[in-house]
1. Given the conditions (1) closer than 17 Å to residue 357 by Cα; (2) at pLDDT below 85; (3) surrounded by fewer than 21 Cβ atoms within 10 Å (Cβ to Cβ), which single one is not true for residue 438?
2. Which of the helices (runs of 4 or more DSSP H) found entirely inside segment 64-137 contain at least 1 residues meeting this: within 19 Å of residue 774 (Cβ to Cβ)?
3. If you scan segment 744-764, which residues turn out to be more than 16 Å from residue 800 (Cβ to Cβ) and in contact with a helix residue (DSSP H, G or I) (Cβ under 8 Å, 6 or more places away or on another chain)?
4. In segment 605-640, how many residues are touching a residue at least 40 places away in the same chain (Cβ under 8 Å), over 16 Å from residue 827 (Cα atoms) and assigned to a loop (DSSP other than H, G, I, E, B)?
5. Given (1) surrounded by fewer than 18 Cβ atoms within 10 Å (Cβ to Cβ); (2) in contact with a strand residue (DSSP E or B) (Cβ under 8 Å, 6 or more places away or on another chain); (3) free of Cβ contacts under 8 Å to residues at least 60 places away in the same chain, identify the lone condition not met by residue 43.
6. From the list 599, 611, which residue is under 24 Å from residue 556 (Cβ atoms), surrounded by fewer than 22 Cβ atoms within 10 Å (Cβ to Cβ) and over 24 Å from the mean Cα position of the chain (by Cα)?
7. Scan segment 807-829 and tell me whether some residue there is outside the structural domain of residue 663 (by TED's automatic domain parsing), surrounded by fewer than 14 Cβ atoms within 10 Å (Cβ to Cβ) and modelled with pLDDT under 90.
8. Please work out if residue 783 is more than 22 Å from residue 705 (Cα to Cα), modelled with pLDDT under 95 and under 21 Å from the mean Cα position of the chain (by Cα).
């Protein structure tokens, strides 16, 4: 029997209007005020409550959100959080327009409730038990669901007893030394692509070049290094998986593929199925996705949340996460199979609270250790043929790997143009209030009155302290010394000029000096401010030295504690079993990380007032958002972060490749490999990398145009907003708008969203809509009429082929932010030539969003009256570049002008000033 619509009132709101449907299905359009009053008086069915609340301007909106119901009934299942997306997920007809959505919500709710009564409901296990807990929490859906979820005949197992345990495995032997022939690689590639696939010579040549990184290394600390640029459409993923899979099969070794974006990780997991089965005969996984600990659900945090650690709406979220955990593939909460929108329905901070954000893991001391998602992933990766990771994790593992088996030796860095930025972040030091307060909590424990399971170092190693007097003394000494670190309320004390302890006193001096020196105008605009760590007076230096001594007083006992733990492992007491040994090993790893951090902070402070170290850039900063301070500190970055990258990652590897569609700088006359080679790190270890290039098979010249609009004045916000609105209207949606400033993005969105919605063209935006970035892209991809505004995160790694993306618009030339760090690197990198190289790279990446398949066609628009011609080499050869007015551009976008582009780009003869 067909499911019956749920007879409850429903509400929908968008930029184009608001509609309410009565319980009997009668729908009418209403004003925002009436919609708010109705929703406040009676709970309504709705979809994506935070988004509806934003559209109505009523932040306290609540009701029966169908996304919450979907997350309960189908945990770990994908759904685009829009009426259209929900319709596809439930195999229902899409609502034709906004007026049809309320009735659709009633029908969709009926289908979901009927699913609970079906015999083949795949996610039935555990549903009844979780529902009982949700009833006690007064979840709005609980009473509606209760008649439809039958009580099982047997008592359901508690989540933590249902999860499978991981098993220890013998360490893999070192890989065999094998040599791959080019014909073998091409044969493997043909097998992966299929015999019916189009034969691509560029892909075959690319795969052959990649095979070189898997050849035996000839000198110690000198890996085989390849830099390979592969244009969009080459099929580089299978191009490197072919030799990688062949080498893994022959050598019995592990290949690591590292990405910068989660989207590419998902794509890699799918493509890897061509080369490896989901499971081996023994049940193990040949392909494993690895991320940092902060991405995975911590079962101990979840247990604490379920047992009262969370309250209110966060407690409901914990129950829905428990439902998901029972069906999750790998426990990945950030970019895995947990719906990205689930956190925004509640509180994103609550999602983070369920992961291991602070390095407080107690390893084998945890009752859920044998079922831990993080430990399972780590052990699976040690046995895998292919590990899909991210740049930061690969670098951290190489620098601080807990054991040799976790240190990658054959690495493919996809999205290789981001390796420099990832290394810059990984190998930097930041002595800030937020960092130091977390260190204090890790050592001392939670502040008085705080909730949760957080425990200090003494509590986590209580058995060590009771057994080993020297270890106990070291723990107590570290705890006492850590009292000097900032504690809760530190920002308020600094604002009142009443710091407590040596570190807060130094941060107060940093704050005062940074404000005193500011002349950037950022302070008045509400942005963060910074100043060089130079020209410091004696009083500041004295405070820095006192802070360094306070940090040393923490670091020294932690070193002693590490020595005692190592001695305990070597001469183990009778009571130290396998789990206890694993817990102490984990504690040693955490100690090593904290000791290294403290040493870096001390080194930073020790250089203040002395001669400037040419290898580093040091500065002071006050981080602010809309004039609200959220952190203060001192920073140190390598001038060239590829030096530590080379010493930690390259030296220990046998074969490394950096690959991307935009690895080189495109200049007049061809590619410039100089910057790519310098940014590979290879010169720091005296390795000359090999280079390879494969041109895109796409006909950019026929399928794309670059339109440089010359009559939208810089600084004219009304003109900018009007231009965006007219471009979206002329394109009929499908526009990706890229901004260099969040404030301008918000201002433009606020001016045009209602206008576009009334024309049936939905507009979404980062930093405006209460939706995570990944989900925003999912929505954009799912609706060819929609458009999306965003910043840097949307310029790279967004893959939206087909009609959904027909036009990319940049609001201006993406100049580098004039920070202290950029200024130093600009001076070292050739001045304006350094800037130009960065800008061309950003333009190339942004253009790369436009054409993702042979059938794609579109326009790339830059709203810049003074676009320097020297930057035009960023675009593929032959693409028409036309300078024109906005009206002329709109004619081309709407098809009012013949699509036959001029044979040569319309480029001015000299660079314009900027």
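The values are calculated or read from the model by the stated rules, or taken from the named source; none is laboratory data. Just so you know, these numbers come straight off a predicted model, no measurement behind them. With ideal geometry, Cβ positions are generated from the backbone for all residues, glycine too; neighbour counts draw on all protein chains shown.
1. (2)
2. Working: elements: 66-73, 83-89, 101-117, 127-136.
Ranges flagged: 66-73, 83-89.
3. Applying the first criterion (more than 16 Å from residue 800 (Cβ to Cβ)) to segment 744-764 yields 744-761.
Result: 744, 747, 748, 751, 752, 755, 756, 759, 761.
4. 4
5. (3)
6. Numbers: 611 fails: under 24 Å from residue 556 (Cβ atoms).
The match here is 599.
7. Yes, segment 807-829 contains at least one residue that is outside the structural domain of residue 663 (by TED's automatic domain parsing), surrounded by fewer than 14 Cβ atoms within 10 Å (Cβ to Cβ) and modelled with pLDDT under 90.
8. On the way: more than 22 Å from residue 705 (Cα to Cα): yes; modelled with pLDDT under 95: yes; under 21 Å from the mean Cα position of the chain (by Cα): no.
Spelling it out, it is not the case that residue 783 is more than 22 Å from residue 705 (Cα to Cα), modelled with pLDDT under 95 and under 21 Å from the mean Cα position of the chain (by Cα).
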